[in-house]
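S.K.: Below you will find the structure I want to go over with you.
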Amino acid sequence: MRNIAVWMKYWIGIIFFKLQGWTCQIVPKEIGNKYMLIGFPHNTNMDAFFGIAFSFVNRIQTNPMIKKEWMFWPMSIGFKMLHVLPVDRDAASDMVDQVVDAFAEREKFIPVIFPEGTRQDVTRIKTGFWHIASKANVPIVLLYKDARTKQVKILGHLFTGTSKTDDLIKIRDIYRNAGYEIPLEP
């Protein structure tokens, strides 16, 4: 029965991308079953649907992180079905530890974060994803929704080093080479 559900979700994802005129890349299997997935840009509510379709096509269970304020009835029913992680953005350090603990407790875990944190223009990104990946010792997978080519792309992955600034510059350069500028102002 589980295989039927996986295949149904796969085809729902494929059909979603076809109807939108988009395609998506597959996450390389060598990355494993535990990683921090970050996505840019975050400029529309449709990003959630692209993310869901991406996980369906890749046959992976992602755990999108959203503001806890969105977990109200009836929205909470759908979010729970999608394994969404509600986040209290006022307790940033506690949030990092909660996600790190979830990595330790689970065999497969793929939290998803849009580091811009909002659909509005921002002067700098949120860096909680880096702290989570560093503490959990998992790679950061870089996802890019390229509106120009109508592709959801995997730009690569990296493990955190000793310098958050150096890692963020590497990430910025990878996205810059793909055609997107990440705001990294101090």
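S.K.: When residues of the range 126-169 are filtered for being of a type in the set (Gly, Ala, Ser), surrounded by 16 or more Cβ atoms within 10 Å (Cβ to Cβ) and farther than 25 Å from Thr44 by Cβ, how many remain?
M.R.: 3
S.K.: Sort out which residues of the range 22-68 are among the small types (Gly, Ala, Ser), surrounded by fewer than 20 Cβ atoms within 10 Å (Cβ to Cβ) and modelled with pLDDT under 90, and write them in order of number.
M.R.: Ala48
S.K.: Separate question: Against the conditions (1) closer than 21 Å to Gly128 by Cβ; (2) assigned to a helix (DSSP H, G or I); (3) under 13 Å from the mean Cα position of the chain (by Cα), where does Ile52 fall short? Just the number, please.
M.R.: Only one criterion in (1) closer than 21 Å to Gly128 by Cβ; (2) assigned to a helix (DSSP H, G or I); (3) under 13 Å from the mean Cα position of the chain (by Cα) is unmet by Ile52, namely (1).
S.K.: Condition first: in contact (Cβ under 8 Å) with a residue 12 or more places away in the chain, among the small types (Gly, Ala, Ser) and not in a helix (DSSP H, G or I). Can you find one or more residues in the range 32-40 that meet it?
M.R.: Within the range 32-40 (the criterion being in contact (Cβ under 8 Å) with a residue 12 or more places away in the chain, among the small types (Gly, Ala, Ser) and not in a helix (DSSP H, G or I)), the answer is yes, since at least one residue qualifies.
S.K.: If a residue has to be of a type outside the set (Gly, Ala, Ser) and closer than 24 Å to Thr160 by Cα to count, how many in the range 30-53 make the cut?
M.R.: Total meeting the criteria: 11.
S.K.: Please state which one of Val84, Val96, Val100 is under 14 Å from the mean Cα position of the chain (by Cα), more than 18 Å from Tyr144 (Cβ to Cβ) and among the β-branched types (Val, Ile, Thr).
M.R.: Criteria check complete, one pass: Val84.
S.K.: So, Thr123, is that one surrounded by fewer than 13 Cβ atoms within 10 Å (Cβ to Cβ), in contact (Cβ under 8 Å) with a residue 60 or more places away in the chain and over 18 Å from Ile31 (Cα atoms) or not?
M.R.: yes
The values are calculated or read from the model by the stated rules, or taken from the named source; none is laboratory data. All values derive from a computational prediction rather than experimental measurement. Every residue, glycine as well, gets a Cβ built from its backbone with ideal geometry; the counts of neighbours run over all protein chains shown.
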